[in-house]
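Chemist: Mind looking over this structure? Questions follow.
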Amino acid sequence: MPNALVIGNWKMWGSREQAKALVSSVAGLNQSGVEWGVCPPFPYLQIAIDQLGCDRVGAQTVSADQDVPHTGDVSAEMLADLGLRWVIVGHSERRADRCETDDVVRAQVERALSQGLVPIVCVGETLDQRNAGEAEAVVIAQLDAALRGLASNTDLVVAYEPVWAIGTGVVATPEQAQAMHAVVRQRVKDLGLSGDILLLYGGSVKPDNAEGLFALADVDGALVGGASIDAQAFLAIVEAAAAAKAE
Ligand code: 13P
């Protein structure tokens with residue numbers, strides 16, 4: 001298992017030309033101890049696969065359903081057919097704007113696992129929830145819904161992404177990030193899963209704050225949004241992970 005994992009979530013960014021340019025700029029990246037990959041929009045998955053190989057590519061979501069005629073949806077079978085490695089599930093943008101409830105996220109986790117994909121399960125509280133002192137309870141409830149009852153050796157990744165830090169430039173402080181990651185680590189163990197599951201932090205990760213985050217005991221990497229569509233920034237974040245985890 002690598003010491004660290006850095007995943008770029010491109011969200012709804014780019015064109016074919018931009019996708020090609022970005023993957024070719026990061027294609028040679030190789031830092032010992034750090035695994036990395038990208039999650040482009042569906043139409044650009046093949047571009048990333050062609051240049052990076054399947055093992056460095058994931059999707060941003062997956063249908064919770066199987067064998068139903070759902071216009072616009074993409075099944076876990078299709079993602080596996082492409083050879084993808086990861087799929088992000090439970091991102092707060094989809095929980096909030098695409099009505100992806102805990103039950104939907106759970107179904108997505110199961111669909112992904114059934115096809116040998118590694119789910120990157122996103123959890124995180126809103127600012128109102130944090131201000132109300134509910135942050136830990138919200139995150140624990142999301143973890144319970146997504147993970148309870150899974151086999152102990154299930155291969156998955158958890159990403160803690162406080163909603164108030166996503167795309168805002170307001171990164172969690174090291175104290176906030178470490179405190180919640182420790183809670184997540186403990187809960188994952190209490191749910192009977194391996195304590196070695198990689199825990200990513202997401203939310204305004206940039207080259208200038210990455211090293212401090214990666215130095216934290218329970219932060220094993222990052223799920224990077226905006227900075228992942230800037231090749232130099234993404235490279236710097238992966239390098240920061242390598243530097244921090246080598247220490
Ligand atoms: P930003 O890095 O742009 O804040 O996005 C984080 C995120 O949502 C990654 O999934």
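Chemist: Do any residues in the stretch 157-170 that are touching a residue at least 40 places away in the same chain (Cβ under 8 Å) and within 6 Å of the ligand (Cβ to nearest atom) have Cβ atoms under 9 Å from those of residues that are assigned to a strand (DSSP E or B) and among the aliphatic types (A, V, I, L, M), where the two are at least six apart or on different chains, and which pairs are they?
Modeler: GLU161/VAL123; GLU161/LEU200; GLU161/LEU223
Chemist: Quick one: how many residues across the stretch 171-211 are within 14 Å of the ligand (Cβ to nearest atom) and part of a loop (DSSP other than H, G, I, E, B)?
Modeler: Result for the stretch 171-211: 6.
Chemist: How many residues does the stretch 84-94 contain that are within 13 Å of the ligand (Cβ to nearest atom) and touching a strand residue (DSSP E or B) at 6+ places or on another chain (Cβ under 8 Å)? Break it down stepwise before answering.
Modeler: We begin by selecting, within the stretch 84-94, every residue within 13 Å of the ligand (Cβ to nearest atom); these are 86-94.
Add one more test, that the residue is touching a strand residue (DSSP E or B) at 6+ places or on another chain (Cβ under 8 Å), and what stays is 86-92.
Adding up the residues that qualify gives 7.
Chemist: Further question on the same structure: Can you name every residue in the stretch 74-111 that is buried (at least 16 other Cβ atoms within 10 Å of the Cβ), outside any helix (DSSP H, G or I) and more than 17 Å from the chain's Cα centre (by Cα)?
Modeler: If the condition is that a residue be buried (at least 16 other Cβ atoms within 10 Å of the Cβ), outside any helix (DSSP H, G or I) and more than 17 Å from the chain's Cα centre (by Cα), then VAL74, SER75 are the ones that fit.
Chemist: Restricting to the stretch 212-229, give me the number of residues that are surrounded by fewer than 21 Cβ atoms within 10 Å (Cβ to Cβ), within 16 Å of the ligand (Cβ to nearest atom) and farther than 13 Å from ILE7 by Cα.
Modeler: Matching residues across the stretch 212-229 total 1.
Chemist: Moving on. For the stretch 191-221, which positions are free of Cβ contacts under 8 Å to residues at least 40 places away in the same chain and farther than 10 Å from ALA244 by Cα?
Modeler: Of the residues in the stretch 191-221, the ones free of Cβ contacts under 8 Å to residues at least 40 places away in the same chain are 195, 204-212, 217.
Residues satisfying the conditions are GLY195, SER204, VAL205, LYS206, PRO207, ASP208, ASN209, ALA217.
Chemist: Please go through the stretch 190-211 and pick out each residue that is of a type in the set (Gly, Ala, Ser) and modelled with pLDDT of 95 or more. Quick ask: steps written out before the conclusion?
Modeler: Residues of the stretch 190-211 of a type in the set (Gly, Ala, Ser): 192, 194-195, 202-204, 210.
Hits for the stretch 190-211 are GLY192, GLY202, GLY203, SER204, ALA210.
The values are calculated or read from the model by the stated rules, or taken from the named source; none is laboratory data. All of these numbers come straight from a predicted model, not from anything done at the bench. Using ideal geometry, Cβ is built from the backbone for each residue, glycine included, and neighbour counts are taken over all protein chains shown.
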